[in-house]
Amino acid sequence: MALLPKGIPSTQQHLDIAEIKNDLVVLKNGVVALVLETTSLNFDLLSEREQDTKILAFAGLLNSLSFHVQIVIRTHRTDLSDYVELLENQKNRQISNGLRNQMGIYIEFIKNLTVTNEVLEKRFFIIIPSSSGISLKPGIFKKLFGSKEDVVNVDEAIDRATTKLYPRRDHIIKQLKRMSLFARQLSSSELVKLYYGVYNPERGGIEKLQLTRTDVDAPVVGAKTQES
């Protein structure tokens with residue numbers, strides 16, 4: 001890989017992220033953050049009583065917090081080509097002509113939907129930062145030669161932060177369950193893909209809807225997304 005001309009900063013120098021390690025994000029100011037992805041629900045489809053219950057549960061979550069959180073909703077385009085291909089394969093396996101015709105109608109509906117409309121998907125995240133950070137120390141090469149930043153005490157920052165972050169994570173996950181929402185912590189590889197897509201919206205690709213044969217045969221289709 002060719003080196004950048006002297007005096008031209010790399011993209012990484014403009015980012016606030018120092019490193020992603022142990023499923024955590026370490027910022028350059030020493031703050032360590034944990035990212036949860038949570039499921040969602042259609043509030044408008046709930047009865048009035050159910051809506052009131054969810055509102056009270058959400059209010060309880062907010063009132064229980066003694067630390068800062070950030071709620072992020074990310075909207076992205078979804079590629080349904082794999083889903084259509086899977087449906088075509090399932091259609092060819094059907095013995096009944098009636099089922100084949102019904103699946104053919106559904107496949108055409110999906111194709112027309114993607115042509116006339118942009119299929120968008122939303123992802124919901126809760127970011128939990130540590131209250132404060134430690135001063136990150138650059139490595140000896142950075143000090144002597146001004147080369148690429150090499151932080152030497154990332155492990156120390158992570159060790160200090162996890163004692164507070166993990167109980168906070170467990171508390172939020174427990175509170176979300178009261179609203180029938182389920183959250184999980186993103187892994188390091190998922191964090192890299194997420195931030196790459198955020199900082200490179202044109203090159204990050206679009207989300208692909210990934211379904212297995214079991215998902216299609218099930219009464220309720222379960223969808224998973226993966227960065228293309």
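We did not get these values from a lab; they are worked out from the coordinates using the rules stated. Just so it is clear, the model here is predicted, and its values are computed rather than measured.
How much length is gained on full extension from His171 to Leu46, taking 0.36 nm per residue of separation minus their Cα-Cα distance?
Extra length available between His171 and Leu46 comes to 42.5 nm.
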**Q.** Quotient of C-alpha Rg and 2.2 N^0.38 Å, computed over segment 12-109
**A.** 1.81
Q: List, in the order given, every pair from Lys21/Lys193; Lys21/Lys164; Lys54/Lys174; Lys91/Lys111; Lys91/Lys122; Lys122/Lys193 whose Cα-Cα distance in the structure shown is over 20 Å.
A: Lys91/Lys122
Q | Descending Cα extents along the principal axes, segment 57-102, whole Å | A | 60, 23, 13
